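The structure appears right after this line, and notes come after that.
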Amino acid sequence: MQASRTPVREALHRLEVEGVVTRLRRRGFAVPPSSTAARDELLELKAVLEGYAVRLFCEQITPEALAVVRGILGRAETALRSGNCRLAARWHWRFHAYLSRWVTPRKHLGDELARITEQLMRYREAEAPSEIACQHVASQHKKILVALELGDPEVCERLMRAHVHGEDPTACLAPLPMRGALHRARDAREAKRDAVALSSHADRGAR
């Protein structure tokens, strides 16, 4: 490649810091195997940061910003109705990316969320997402949208955390550690309670 050792060494050190490669004693570097425990830890951190992001968004929300969220989810729904799950998944990703912008001004939090998201991408399957998975994600996003419309930051945060914990791009891996499972069970219970409250509110509004 006609490259000197210095830039190659610097690139490897940067990849090591980012967790992409690990150093082998007197043998250079290697790409570590995917780890269930590592993925679980990343999801825990992502859930906390994205939950905090949607809370900030809800606390500072404007009609224009809410319209952007509705537009993103509307395009995802249109893609899903047309059977284009890959496009729907891209719009779902943009939903998360847009909400995550609210922690970006907090440099350390924004940088950490970007790093975690990038690392989790290594666990995602290359195939197009299934229609059932996309419909499930769309349903969870709609609940978050309703909570945003109601202006309830606490409910928004709980729903987002439960949603992130529910993401499972590597269903073929072994069960996650008990601590992570307990956290997800707690968030799932709270999210279910919030969903009932949101549904009751929507029914009253329809009347």
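Against the condition part of a helix (DSSP H, G or I) and modelled with pLDDT under 85, how does R158 come out, does it pass? In short, no.
When the stretch 37-69 is filtered for residues that are of a type in the set (K, R) and more than 19 Å from P105 (Cα to Cα), only R39 remains. For the stretch 21-64, the set of residues classified as part of a helix (DSSP H, G or I), surrounded by 18 or more Cβ atoms within 10 Å (Cβ to Cβ) and modelled with pLDDT under 80 consists of R39 only.
The values are calculated or read from the model by the stated rules, or taken from the named source; none is laboratory data. The model shown is predicted, which means the values in this text are computed figures rather than measured ones. All Cβ positions, glycine included, derive from the backbone under ideal geometry; neighbour counts span all protein chains shown.
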